[in-house]
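J.: This is the structure I want to talk about, given as structure tokens.
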């Protein structure tokens with residue numbers, strides 16, 4: 001996780017804080033709202049931010065936990081793919097978001113090849 005965060009531009013202080021919070025395990029939540037190809041991903045717990053995206057709409061200004069970003073969303077084989085670039089346009093990572101065995105999975109790989117897999121379970125009473 002440390003190498004992934006470093007690739008994404010997180011400094012030593014941010015990485016140390018994230019490690020102290022067990023990288024958001026059991027803390028971070030995502031609420032996803034969809035209307036056709038319009039998606040809103042609201043991240044709460046830990047560092048809060050929101051992504052409002054139009055799938056197929058090309059590169060869009062948005063944000064990540066690290067700050068401003070440019071994201072290109074697309075549908076690929078039933079999964080949401082996000083190509084994430086820094087605000088200046090430098091490619092940082094590809095992220096795949098999909099559902100498997102009742103869990104939301106996020107698999108991210110940086111341009112340097114460091115990967116992480118995040119598993120989010122549905123909160124009781126939602127959906």
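Since every read-out is calculated from the coordinates, none of them should be taken as a lab result. Predicted model, so just to flag it, every value in this text is computed and none were measured. Please note: Cβ atoms are built from the backbone with ideal geometry, for glycine as well, and neighbour counts cover all protein chains shown.
J.: For a footprinting-style exposure proxy, rank 93, 103, 85 by other Cβ within 10 Å, fewest first. Let's see the in-between values first.
T.: Details: 93 21, 103 12, 85 17.
With the sparsest Cβ surroundings first, the list reads 103, 85, 93.
J.: Mind sorting 75, 96 by how few other Cβ atoms lie within 10 Å of their own Cβ, fewest first?
T.: Result, fewest neighbours first: 75, 96.
J.: Still on this model: Need one number: nm distance between label points at residue 37 and residue 111, each 7 Å from Cα along Cα→Cβ, rounded to one decimal.
T.: Here the answer is 2.6 nm between the modelled labels.
J.: Using the 10 angstrom Cβ neighbour count as an exposure proxy, how do 109, 16, 72 rank, fewest first?
T.: 16, 109, 72
J.: Find, to one decimal place in angstroms, the Kirkwood hydrodynamic radius of segment 2-121, where the mean of 1/r is taken over every pair of different Cα atoms and then inverted.
T.: It is 14.7 Å.
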